[in-house]
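Here's the structure we're looking at; comments come further down.
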Amino acid sequence: MNTAEFATIPTPLGPFTTVVDADGAVLAAGWTADSDELVRVVHPSLRPDELRQRNSLGEVTSAVEKYHAGEVFAIDDIPVRQTSGPFLLHAWDVLRTVPPGKPITYTAFAALSGRPEAVRAASNACARNAAALFVPCHRIFRTDGTLGGFRWGLDVKARLLQHEQSAAAAS
């Protein structure tokens, strides 16, 4: 049986839940108190059979708290485990290199991912990302300057971008 742990903490943007595997790698995360909602977006090969609630996931929970308190780089070294095809795996790794306070367009993200013509595939990588915040798909926006989509809502995306811009300007 595959068991994962989860913790939900309050943040300025609402409750934030993180699901981690037995090794402590993030499987899914987002601004919700519904752990079942998060488990549904985990790839079937990684999806846990059972969830155990914890008050804290140690370093992972600490990183979420620090991020929301203004230490926007606190999430960078937290391990994440997602699986899919080669392009999505690579694109998710590339997302983790987009610095806070310096969002880019889907077109630029496609180019960084090595497939400049694959803007829709880059957009799909963001849409299929289960580990929001830790794989910061919120840092990608449309070429026309609009926010595009975000599983947790455009208000949350806008506030994350503003939070990161303010923190980057302060450093």
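Go through the range 33-79 and count every residue that is of a type in the set (A, V, I, L, M, F, W, C), touching a helix residue (DSSP H, G or I) at 6+ places or on another chain (Cβ under 7 Å) and under 24 Å from residue 128 (Cβ atoms).
Selection size over the range 33-79: 4.
Looking at the range 6-30, which of the residues that are without any contact (Cβ under 8 Å) to a residue 40 or more places away in the chain and open to solvent by less than 20 Å² (accessible area, probe 1.4 Å) is farthest from residue 42 (Cα to Cα)?
Here the residue is 17.
Looking only at the range 122-158, count how many residues are open to solvent by less than 30 Å² (accessible area, probe 1.4 Å) and either of a type in the set (Asp, Glu) or assigned to a helix (DSSP H, G or I) (or both).
Summing the residues that are open to solvent by less than 30 Å² (accessible area, probe 1.4 Å) and either of a type in the set (Asp, Glu) or assigned to a helix (DSSP H, G or I) (or both) in the range 122-158 gives 8.
For residue 3, indicate whether it is open to solvent by less than 20 Å² (accessible area, probe 1.4 Å) and among the hydroxyl-bearing types (Ser, Thr, Tyr).
It is false that residue 3 is open to solvent by less than 20 Å² (accessible area, probe 1.4 Å) and among the hydroxyl-bearing types (Ser, Thr, Tyr).
Which numbered condition trips up residue 70, out of (1) open to solvent by less than 50 Å² (accessible area, probe 1.4 Å); (2) on the phi < 0 side of the Ramachandran plot; (3) in a loop (DSSP other than H, G, I, E, B)?
Result: residue 70 passes all but (2).
Considering each residue of the range 73-96, count those that are open to solvent by less than 60 Å² (accessible area, probe 1.4 Å), in contact (Cβ under 8 Å) with a residue 24 or more places away in the chain and not β-branched (Val, Ile, Thr), and give that number.
7
Somewhere in the range 97-106, is a residue open to solvent by less than 30 Å² (accessible area, probe 1.4 Å), under 28 Å from residue 14 (Cβ atoms) and among the aliphatic types (A, V, I, L, M)?
Checked against the condition, which is being open to solvent by less than 30 Å² (accessible area, probe 1.4 Å), under 28 Å from residue 14 (Cβ atoms) and among the aliphatic types (A, V, I, L, M), the range 97-106 yields at least one hit.
Do we find a residue being of a type outside the set (Val, Ile, Thr) and farther than 29 Å from residue 111 by Cβ anywhere in the range 71-83?
Looking through the range 71-83, at least one residue is of a type outside the set (Val, Ile, Thr) and farther than 29 Å from residue 111 by Cβ.
Looking for something crowded, with 17+ Cβ neighbours inside 10 Å and farther than 18 Å from residue 13 by Cα - is there at least one such residue anywhere in the range 55-65?
Scanning the range 55-65, I find at least one residue that is crowded, with 17+ Cβ neighbours inside 10 Å and farther than 18 Å from residue 13 by Cα, so the answer is yes.
The values are calculated or read from the model by the stated rules, or taken from the named source; none is laboratory data. Everything numeric here is computed off the predicted structure, so don't read it as measured data. Positions of Cβ are generated from backbone atoms using ideal geometry, with glycine treated the same way; all protein chains shown enter the neighbour counts. Heads up: the accessible areas ignore ligands, DNA and RNA and are worked out on the full protein's heavy atoms, side chains in. Shrake-Rupley method; radii C 1.70, N 1.55, O 1.52, S 1.80 Å.
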